[in-house]
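So the structure is just underneath, and the comments pick up after that.
No value in this document is a laboratory result; all are computed from the given coordinates. No experiment lies behind these values; they were computed from the predicted model shown. Cβ coordinates were reconstructed from backbone atoms using ideal geometry, including for glycine residues, and neighbour counts include every protein chain displayed.
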Amino acid sequence: MGKVKKGVRLDHISKIYQDPKTGKDFYAVKDTSLEIEPGSFVTLLGPSGCGKTTTLRMIAGFESPDEGEIYIGDEAINELTPNKRDTAMVFQSYALLPHYNVFDNVAYGLKLRKMSKDEIRKRVLGMLKLVGLEGMEGRMTNQLSGGQQQRVALARALVIEPSVLLFDEPLSNLDAKLRVSMRTEIRRIQQEVGITAIYVTHDQSEAMALSDKIIIMEKGVVAQMGNPQEIYYHPKSEFVADFIGEANFLRGTMTGRDGNYVTLNIEGNSVKAVGDPGMEAGKNYTIVLRPEAASLADQGGLPCTVVLSCFMGSYQNYHVMVGDTLVKLEEHNPKNKRIYNVGEKCCLVFEPDSVHVLES
Amino acid sequence: MAARTRQGADLDRKKLMADPIMVTTICVLIAFLTLFILYPLAILLVDSFVGDGGFSFSVFQRIFSMPNFIRAITNTLKVGFVVGLLSTFVGLLFAYVEVYVRLNKFVGGLFQVVSMLPVVSPPFVLSLSMIMLFGKAGIITRHILGIYDNSVYGYWGIVIVQTLTFFPVCYMMLKGLLKNIDPSLEEAARDMGASRWRVFGDVTLPLLLPGLGNAFLVTFIESIADFANPMLIGGSYDTLATTIYLQITGAYDKAGAAAMAVVLLCITLLMFAVQKYYLEAKTAATLTGKASRARMLMEDKSVKIPLTVLCTLAAIFVILMYICVPIGSFFPTWGRKFFPLTGKWYELVFTRYKGFKAFKDSFVLSLIASPITALLSMIISYLVVKRNFHGKGFIEAVSMLAMAVPGTVLGVGYIRGFSGGVFNTGFLQGIYGTGLILIIVFIVRSLPTGTRSGISALRQIDKSIEESAYDMGADSFKVFMTVTLPLIKDSFLSGLVTSFVRSITAISAIILLVTPQFLLITVQINEFAEKGSYSLACAFATILIIITYGAVLLMNLFTKYFGTSRKIKED
């Protein structure tokens, strides 16, 4: 596709809705500015009601922003209706036209663009091949499985060669296994076509697997933006840490500094962790501890009591109490390791470099 | 906040304006609804309050001092109440038996016929057959039982005929609701030790109660608004609808009739408001759950046999009543001589009484009105369900309002509103007395039913299907033509036929507006029945039944072979 790739820019976008019960206005999206690079795959991730779908629908043109301006490339598109925008959306419910067969569904957008029959045929068949639906063009959409329907929806969106491809939780109606294989497929096709893609989901593993960049939203505002590693290892808030992956939070007070490391007092015990230069002694901080970053030992670290010990095959799952705080951890490859049983007293240990410290 | 919110609303408006077809459609719709529904009703109010000397209650004082008007009000309410109760009860019985008891094919078929008959039959049929079977010279009363002075005219006549006419509506409504009750609720009660009666009283009935109220009010409104039956079988027992008609055609008191129409309208609007905003919401709230699996049907003979026999007898009776009219049209002398059957009344109809012209006029006018109605109602439903714009609430409210307006009221409104042109300025005066105004009345009368079925059909369609087409680059018009309309083709087709049938069998508003230049079948039936020429009335009614039944058959065939929705539904 010889088109110039275009990015998307949101400039201080807000959307205000009225609460149907109280009649009060509230911000579904508040003062959000984003810059999406041409050709990149960006995920809007967040719990339901965080404004991610509203943002996507504003880009598509189904909703109008109450503040700010949206750009595709350099063009301001606020006043354009969805049919005039250079975007194509893949819907959660697939939204295939039920009275058309696969071919006609994919050809719909091209017919609207008044292409010749031969050209349409060539492009549609090419696109069906790309999404792995060769030979299915004569089927009615209700004769397809969920995964196949999703491929049709994707082909239909791609075939009109939009500047931006929009996904609205496209995999949430599929079963778990299919979801995993489809997301790999979506990523492969996006890379092959090189199109700018914006993907809305509440599934963090989907976001990790697909994205160049993840944007986490909370209550209408962007909580953090970054590539998957940044977000996972350096969450800016407990919300982000908790939302992406599992996280334990250990609260304590900073007592001293040693180069790049700080010491924190947690429940009367001294713990070492990697720390930012701006941290000050005497202030309260929270350690974000991932389950896979911790393990149990007979001594050293934080004293704790095992309250759950469960063999999961590839790992041993523990819940331990550190004082009043519940910590969940996974001891991987447990075959030749010492297994702690419920009620045993032991110690929680972790590398100072494998945790992240947040201001409380 | 207000200044900020404006941008979104502004943009929405700009996007709408970028769509000229859509904007034009909305404007035309609003103009149509205002001019032909709101305006005639408004003019009634104006008429009845503003006499020669400005605003006053004098017209109302006058009509409320007429004893026959007061009697008409009490008569109407009494009939409406009793008919509402009886129809709901009989409807519930039928619905319960169909949903809960295993029926054999024959009885099931009877039930289906009963549910369809009132839809396809002209309004007078039951009154005619009632007179024929039970009147002074009735086949059953006089010739079988030997009773010579039985009178069917009056209160009981109306009640029986209206109940038989309206109970199938209740039956259909309640059947839908009963099917939506999750059987496991009843099974749970049964499991905890309740008898069938307890289950019915403790579980089924409470869940159904708002629905029963709903059915009662719907029938109540229908009964109050009914013109044809009271006209034919009421005798001296006048209801509001007939009183208004007589006030105009007999007493030439148009202001009085307008005020009476306002009273009738207030009653139906009140009922309608209760039904629509209170009971419908409640019904939906109690019965949202879809049945999780099929219900275990009753096999118990002590319940099954009496219920089935009762309903079967009732169904056969109703069907007999309908068949009487065609048979009656072949009797040589009504009420005296039954054999040999003769076709002489049809000869008379087509020779002396211009039957062919009546057939043609009714047919052509309805045929013009029905596609317009069907398309309009689909457009309105599309706008209401799928689009957002200023004035949407207005369009929805006014098209639903038309449902609560009795035909007689609309007829009086049109006389007052258009005989001298709009606001007596002469504007649109040209349509008064023409076929056009009849067509418009047909459209307005059928619009609410069509819109309602369109709305429920469209609600079933995922909004994102249309959004996806829009997103692919189709404008609103294209979306409507290539996506929406094909998806609701069945609903469109049935709207087409329903509005045709409703139009060709309409009488209440039409009888006030028709000019001698048009011969409409329903008006002819009324005229001959009034004169006592029942044989001729029966012959006309039979022709009408054939037309409407043919239309329904055609539609069924058409949907069977060309309906797209069928293909889609086969999941």
Next item on the list: Identify the GluC sites (Glu not before Pro) of region A:278-335 meeting these criteria: DSSP loop state and at most 15 other C-beta atoms within 10 Å of the C-beta.
Entry: A:Glu280
Item checked: Euclidean distance of C-alpha centroids, region A:108-155 and region A:265-344, integer Å -> 52 Å
Check: Within straight cross-link reach of A:Lys337, meaning Cα distance under 22 Å, which lysines are found once same-chain residues fewer than 8 apart are removed?
Finding: A:Lys328, A:Lys345
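Test of understanding: given chain B, find the longest segment containing no GluC sites (Glu not before Pro) that are in a DSSP loop and have at most 12 other Cβ atoms within 10 Å. Display every interim value, and only then the final one.
Values: sites that count: B:Glu299, B:Glu570.
Longest site-free region, per DSSP loop and neighbour criteria: B:1-298.
Name the helices (complete DSSP H segments) of chain B with a Cα length along the long axis of 30 Å or more and a Kyte-Doolittle mean of at least 1.0, or state none. Walk me through the numbers on the way to the answer.
Values: long enough: B:67-100 (49 Å, 1.20); B:155-180 (36 Å, 1.02); B:301-328 (39 Å, 1.89); B:355-386 (45 Å, 1.32); B:435-459 (35 Å, 1.22); B:534-562 (41 Å, 1.61).
Sorted by number, the helices that extend far enough and score high enough are B:67-100, B:155-180, B:301-328, B:355-386, B:435-459, B:534-562.
What are the semi-axes of the equivalent ellipsoid for chain A, taken as the square roots of 5 times the Cα gyration tensor eigenvalues, largest first, in whole Å? Spell out each step's value before the answer.
Working: eigenvalues 423, 127, 58 Å².
Largest first, chain A gives 46, 25, 17 Å.
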Next item on the list: Select from B:Met231, B:Tyr39, A:Ser145 the residue farthest towards the positive end of the dipole of the protein assembly as shown; place +1 on Cβ of Lys and Arg, -1 on Cβ of Asp and Glu, and compute about the Cα centre.
Entry: B:Met231
Note to self: I'd like the chymotrypsin sites (Phe, Trp or Tyr not before Pro) in region B:370-448 restricted to DSSP loop residues with at most 10 other Cβ atoms within 10 Å, sorted by number.
What the structure shows: none
Check: Within straight cross-link reach of B:Lys78, meaning Cα distance under 13 Å, which aspartates and glutamates are found once same-chain residues fewer than 8 apart are removed?
Finding: B:Asp238
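Arrange B:Trp156, B:Trp334, B:Trp345, B:Trp197 by Cβ neighbour counts within 10 Å, fewest through most, would you?
Values: B:Trp156 15, B:Trp334 21, B:Trp345 26, B:Trp197 9.
If I rank by nearby Cβ atoms, fewest first, I get B:Trp197, B:Trp156, B:Trp334, B:Trp345.
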Note to self: Which trypsin sites (Lys or Arg not before Pro) in region B:33-125 sit in a loop by DSSP (not H, G, I, E or B) and have at most 14 other Cβ atoms within 10 Å of their own Cβ?
What the structure shows: B:Arg102
Checklist line | Of A:Leu348, A:Leu128, A:Leu308, the one that fluctuates the most in a GNM where chain A has Cα springs shorter than 10 Å | finding: A:Leu308
Check: What whole number of Å gives the distance from the Cα centroid of region B:57-73 to the Cα centroid of region B:434-475?
Finding: 41 Å
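Hey, with R₀ at 35 Å, roughly what FRET efficiency would B:Lys254 and B:Ile30 work out to, going by the Cβ-Cβ distance, to 0.05? Display every interim value, and only then the final one.
Working: r = 29 Å, r/R0 = 0.82.
The formula returns an efficiency of 0.75 here.
Among DSSP beta bridges whose residues both lie in the protein assembly as shown, state the antiparallel percentage, nearest 5.
Numbers: 67 of 86 bridges.
The answer is about 80 percent antiparallel.
Using a/c under 1.5 as the rounded threshold, could you call region A:224-360 rounded, prolate or oblate? The axes a ≥ b ≥ c are square roots of the C-alpha gyration tensor eigenvalues, and prolate needs a/b larger than b/c, oblate otherwise.
Details: a/c = 2.05, a/b = 1.37, b/c = 1.50.
It is oblate, given that a/c is not under 1.5 and a/b is not larger than b/c.
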Next item on the list: With the Cα gyration tensor of region A:141-216 in hand, convert its eigenvalues to equivalent ellipsoid semi-axes via √(5λ) and list them largest first in whole Å.
Entry: 18, 17, 10
Item checked: Sorted by Cβ neighbour density within 10 Å, fewest at the top, the residues A:Ser211, A:Ser237 -> A:Ser237, A:Ser211
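Quick one: putting +1 on the C-beta of Lys and Arg, -1 on the C-beta of Asp and Glu, what dipole do you get for the protein assembly as shown around its Cα centre, in Debye to the nearest 20? Kindly include the intermediate steps, with their values, before the conclusion.
Working: 89 positive and 78 negative charges, 738 e Å.
Dipole magnitude for the protein assembly as shown comes out near 3540 debye.
Take the residue pairs A:Lys84/B:Lys478; B:Lys14/B:Lys489; B:Lys105/B:Lys304 and return only those whose Cα atoms are more than 21 Å apart.
Numbers: A:Lys84/B:Lys478 13 Å; B:Lys14/B:Lys489 31 Å; B:Lys105/B:Lys304 15 Å.
Violating the 21 Å Cα-Cα cut-off are B:Lys14/B:Lys489.
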Checklist line | region B:98-216: C-alpha gyration tensor shape, a/c 1.5 cut-off, then a/b vs b/c | finding: prolate
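Can you give the % of DSSP beta bridges in region A:8-242 that are antiparallel, to the nearest 5? Don't skip to the answer; put the middle values down first.
Values: 21 of 39 bridges.
Around 55 percent antiparallel, to the nearest 5.
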Check: Taking Rh as the Kirkwood radius, which is the inverse of the mean 1/r over Cα pairs, what is the Rg/Rh value for region B:57-328?
Finding: 1.03
Checklist line | Under 13 Å from B:Lys386, Cα to Cα: aspartates and glutamates that are on another chain or at least 8 residues apart | finding: B:Glu396, B:Asp462, B:Glu466, B:Glu467
Check: Using a ≥ b ≥ c from the Cα gyration tensor of the protein assembly as shown (square roots of the eigenvalues), is it rounded, prolate or oblate, where a/c under 1.5 gives rounded and otherwise the larger of a/b and b/c decides, a/b for prolate?
Finding: prolate
Checklist line | Only Lys, Arg (+1) and Asp, Glu (-1) charged, at Cβ; region A:8-242 dipole about Cα centre in debye | finding: 960 debye
Check: Under a plain spin-label model, where a point goes 7 Å from the Cα along Cα-to-Cβ, how far apart in nm are B:Arg387 and B:Leu246?
Finding: 4.8 nm
